[in-house]
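Remarks on the structure that follows.
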Amino acid sequence: MKQVIISGASAGIGAATAAGFLAAGWAVTNVSRRPCPVAGANSIACDFSDPQAVQRACGELEAIARAAAPLLLIHNASLLRNDRCGEVPDADFREILQINLAAPNALNSALLPLMKPGSAVIYVGSTLAEKAVPNAYSYVTTKHATIGMMRATCQDLAGRDIHTACVCPGFTDTEMLRTHIGTDPETEQAVASMSAFGRLITPEEIAETIIWAALHPVVNGAVLHANLGQLER
Ligand SMILES: NC(=O)c1ccc[n+]([C@@H]2O[C@H](COP(=O)([O-])OP(=O)(O)OC[C@H]3O[C@@H](n4cnc5c(N)ncnc54)[C@H](OP(=O)(O)O)[C@@H]3O)[C@@H](O)[C@H]2O)c1
């Protein structure tokens with residue numbers, strides 16, 4: 001069965017990606033704390049901040065992966081906190097490392113050995129995977145590492161006919177963005193004006209990019225910028 005496993009498909013970009021794959025005839029399994037709201041998607045409840053919960057989810061996912069051909073693994077879930085270098089308690093930093101890096105690594109360890117030719121591993125990065133802004137220390141750090149993880153994945157999967165890529169969204173209208181900018185129209189306009197198109201990206205636009213990347217092995221190892229042309233000031 002053509003199977004997609006998406007982390008964080010309970011909302012935003014992940015949910016839009018689940019909807020796109022389901023419409024194209026793929027079976028979809030979401031892994032996150034809340035279920036995927038899209039009809040037809042399977043969900044496994046898991047809090048990525050809990051390593052034991054991640055291991056339990058991996059057990060369930062392995063059974064799905066064994067029956068899958070091909071399997072597309074989309075590493076999309078992540079945590080964004082506003083924090084600053086020199087001010088992040090060790091426990092908080094370890095938590096974001098666990099959610100943004102260790103959980104994807106656990107899924108890779110469980111599922112990559114089971115993945116057949118034609119499969120793919122797609123990472124969701126960020127504009128902040130390649131640049132830094134103030135007040136996003138732990139997120140910037142882990143998103144830079146996401147690109148490193150994707151590049152290492154590419155090297156280590158050579159010869160298996162499994163490809164990888166990292167899609168890096170710009171400002172996309174999701175819960176994550178709204179948590180940080182709120183709903184004030186002036187603030188929204190200020191953020192929107194940071195793209196060359198003067199608007200926020202829709203989750204569906206990023207989903208289409210993820211789906212395209214997952215189905216085109218020619219982009220193996222690539223960082224795909226999906227930000228409408230972010231303006232640098
Ligand atoms: N929106 C943007 O402007 C933007 C820009 C650049 C990059 N991105 C990236 O795009 C990806 C998707 O973000 P989004 O904007 O779609 O955000 P979102 O709507 O807030 O969705 C985030 C997803 O991550 C999951 N998640 C968060 N913490 C989790 C945890 N502890 N355990 C399991 N799952 C967890 C959430 O599921 P539960 O809450 O149900 O657990 C949710 O499904 C992220 O990697 C983000 O960094 C977004």
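The table below gives the values:
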{"item": "Unit charges on C-beta of K, R, D, E only; dipole of the chain, Debye", "result": "540 debye"}
{"item": "Cβ crowding within 10 Å averaged over residues, with 50-60, 133-143 ranked highest first", "result": "133-143, 50-60"}
{"item": "Over the chain, equivalent-ellipsoid semi-axes from the Cα gyration tensor in Å", "result": "27, 20, 18"}
{"item": "Cα-based reach from K116 at 24 Å (exclusive), listing lysines while leaving out same-chain residues under 8 positions away", "result": "K2"}
{"item": "Whole-angstrom gap from segment 24-59 to segment 63-106, using each part's C-alpha centre", "result": "13 Å"}
{"item": "Charge dipole (segment 23-135, unit charges on Cβ, about Cα centre) - positive-most of A65, Q52, V124", "result": "A65"}
{"item": "Accessible solvent surface per residue of segment 3-64, calculated while the other protein chains remain in place, 1.4 angstrom probe, Å²", "result": "39 Å²"}
{"item": "Long-range Cα-Cα pairs in segment 1-75 (distance over 20 Å), rounded percent", "result": "22 percent"}
{"item": "Ranked by how many other beta carbons lie within 10 Å on average, peptides 61-67, 178-184, 3-9 from highest", "result": "3-9, 61-67, 178-184"}
{"item": "Relative contact order (%) - the chain, alpha-carbon pairs under 8 angstrom, separation at least six", "result": "20 percent"}
{"item": "Estimated D of segment 88-155 in µm² per second, where Rh is the Kirkwood radius over Cα pairs and Stokes-Einstein applies at 25 °C, 0.890 mPa s", "result": "188 µm²/s"}
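The values are calculated or read from the model by the stated rules, or taken from the named source; none is laboratory data. Quick caveat: nothing in here was measured; it's all calculated off a predicted structure. Ideal geometry is used to build each Cβ from the backbone, glycine not excepted, and the neighbour counts take in all protein chains shown. Accessible surface areas use protein heavy atoms only, side chains included; no ligands, DNA or RNA. Shrake-Rupley method; radii C 1.70, N 1.55, O 1.52, S 1.80 Å.
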